[in-house]
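The values are calculated or read from the model by the stated rules, or taken from the named source; none is laboratory data. All values derive from a computational prediction rather than experimental measurement. Note that we place each Cβ from the backbone using ideal geometry, even for glycine, and neighbour counts take in every protein chain shown.
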Amino acid sequence: MNLTAVKRMPIHSSLRDNQSTQVLFKESFAHIHYQPAGQLLVVKWIGYLQLADLQRACQLLLDQINQLNITSLYCEQTELKPLCQSVQSWLVTECFPAAAQRGLRKVAILLSEDEFAQASVNAVNQNVEGSLQIQSFSANSLALEWLRADEPVTTN
């Protein structure tokens, strides 16, 4: 994907920090942005995710992680609904291992208020193996602080 041809668009002010972002993907189930100044990919997951849709969006994420040497991913899941078992399984066995292999080190998740969505996301996160660090947060500021730090931030 040629990033110079991608439309620039601001996102949530707490993520922007006066930086421009590039919209890489925008569908009803996901919005993906790239922040060049922070070398950060930002994805907003929306609603109930179908496996084929998730795979399409994640393939773009994996390509960008590889092409841009991305080490941090911010996932806003405030509008996410519970993940079905096939989505959970694919994330654990395929997506997260592939992301780590391409150099992703940290994933910060801003959790949904939906308790069932939280439970399904936590089930995925607890089953991811390897060096990829995944941490869930209830506030943008804590998630961004953790992504920018070398050491994990206490979330209590």
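Which ranges mark the helices (runs of 4 or more DSSP H) fully within region 59-156 that have 2 or more residues being surrounded by fewer than 16 Cβ atoms within 10 Å (Cβ to Cβ), without any contact (Cβ under 8 Å) to a residue 60 or more places away in the chain and touching an Asp or Glu at 6+ places or on another chain (Cβ under 8 Å)?
none
Among the residues of region 44-58, write down those that are in contact with a Lys or Arg (Cβ under 6 Å, 6 or more places away or on another chain) and assigned to a helix (DSSP H, G or I). Give the derivation first.
We begin by selecting, within region 44-58, every residue in contact with a Lys or Arg (Cβ under 6 Å, 6 or more places away or on another chain); these are 47-48.
Once the filter is applied, which keeps residues that are in contact with a Lys or Arg (Cβ under 6 Å, 6 or more places away or on another chain) and assigned to a helix (DSSP H, G or I), region 44-58 yields nothing.
So, of the residues in region 39-58 that are of a type in the set (A, V, I, L, M, F, W, C) and either more than 18 Å from I109 (Cβ to Cβ) or at pLDDT below 95 (or both), which turns out to be surrounded by the fewest Cβ atoms within 10 Å (Cβ to Cβ)?
Let us first name the residues in region 39-58 that are of a type in the set (A, V, I, L, M, F, W, C), namely 40-43, 45-46, 49, 51-52, 54, 57-58.
Filter once more, keeping what is either more than 18 Å from I109 (Cβ to Cβ) or at pLDDT below 95 (or both): 40, 51-52.
Numbers: L40: 23, L51: 15, A52: 8.
The extreme case among them is A52.
With the requirement that a residue be of a type in the set (D, E) and more than 16 Å from W90 (Cβ to Cβ), what does region 28-74 give you?
Narrowing region 28-74 to residues of a type in the set (D, E): 53, 63.
Scanning region 28-74 gives a single hit, D63.
Checking the structure you have, find out if any residue of region 24-38 is assigned to a helix (DSSP H, G or I), within 23 Å of N140 (Cβ to Cβ), at pLDDT 95 or above and not hydrophobic (A, V, I, L, M, F, W, C).
Scanning region 24-38, I find no residue that is assigned to a helix (DSSP H, G or I), within 23 Å of N140 (Cβ to Cβ), at pLDDT 95 or above and not hydrophobic (A, V, I, L, M, F, W, C), so the answer is no.
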